[in-house]
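Enquirer: Just dropping this structure here.
Every number in this text was worked out from the coordinates using simple rules, so none of it is lab data. Predicted model, so just to flag it, every value in this text is computed and none were measured. No Cβ is skipped: glycine too gets one built from the backbone with ideal geometry, and neighbour counts run over all protein chains shown.
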């Protein structure tokens, strides 16, 4: 990918070092998650059209104290995002969240509509409840190709060894070990994307294991005051499939959907040109 001049910085907040990285030109697009991982997944072309602002949350941030329960609360993440917006001078911005970070983007838009113009979720299911995820498991069992299932079996053995060796990086090893479920090419090697990414496992365990499991998507969508785009990959076996969104949609102000037929969990990288087109059309 073409190199762009980046403005990097950090804010100190409640013992955490929240990093950020700004690249590109144009109207701002705030992208929640690791400021190290996510710049590697968006195209150079997008940076010629929009100013991409990548920001950490506490799960990806170095911390100089013990991690407490309040650090894992969604309201704490929202307060951090507000502080980052204030530091970066973002009176109003478009916002994007990929995977579990989609819930953060959705919640921020719901809570702070004055700060958000349009919201984009990428590779995010309606929630991670056992019922919703079971739908995806049935599709995997019935429709996933034998080569993809065989690759997963091999990767899970490798993942188990990596977690035993470095349990503090369990989130990263799980993401890599589930590659056959999360990439259109089941043999794609995503290790470079995770290079030098810091993770705090207690925060991921709570957010992904409890908060997103119980997230009230119907309430969030019914209270949304700004336009919403939901991008899903047809071959994403990591989260619940696009069809599971339908029962949660409100009668009015329904989201716009974009389905990427040759993508799995990360269409911004797997089908970059088409993703950029759909994203920029929505944001225009």
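Enquirer: Can you list the residues of region 70-100 with backbone N under 15 Å from a point 7 Å past the Cα of residue 112, pointing along Cα to Cβ?
Expert: Output list for this probe position: 74-97.
Enquirer: Obtain the nm distance between the two label points defined at residue 48 and residue 156 by a simple spin-label model: each point lies 7 Å from its Cα along the Cα-to-C-beta direction.
Expert: For residue 48 paired with residue 156, the spin-label model returns 4.4 nm.
Enquirer: Given the rule -39500 (n - 2.57) for each run of at least 4 DSSP H residues, summed and divided by the residues of the chain, what is its mean residue ellipticity at 222 nm, to the nearest 500 deg cm²/dmol?
Expert: Calculated at 222 nm, the ellipticity per residue is -10500 deg cm²/dmol.
Enquirer: Could you tell me the calculated FRET efficiency between residue 12 and residue 164, based on Cβ-Cβ distance and R0 = 45 angstrom, to the nearest 0.05?
Expert: Working from the Cβ atoms, E equals 0.85.
Enquirer: Output the peptides 56-63, 153-160 sorted from most to least packed, where packing is the average of other Cβ atoms within 10 Å over each peptide's residues.
Expert: By packing density, highest mean first, the sequence is 56-63, 153-160.
Enquirer: Between residue 87 and residue 281, 0.36 nm times their residue separation minus their Cα-Cα distance comes to what?
Expert: That works out to 67.0 nm of additional length.
Enquirer: Sorted by packing (mean other beta-carbon atoms within 10 Å per residue), highest first, where do 132-143, 267-278 land?
Expert: The densest-packed peptide leads the list: 267-278, 132-143.
Enquirer: How far apart, in nm, are the 7 Å Cα→Cβ label points at residue 149 and residue 201?
Expert: Placing both labels 7 Å beyond Cα along the Cβ direction yields 3.1 nm.
Enquirer: Output the peptides 105-118, 80-93 sorted from most to least packed, where packing is the average of other Cβ atoms within 10 Å over each peptide's residues.
Expert: 105-118, 80-93
Enquirer: State, to one decimal in nm, how far the label point of residue 131 lies from the label point of residue 219, with both points 7 Å from Cα in the Cβ direction.
Expert: Computed distance between label sites residue 131 and residue 219 equals 1.6 nm.
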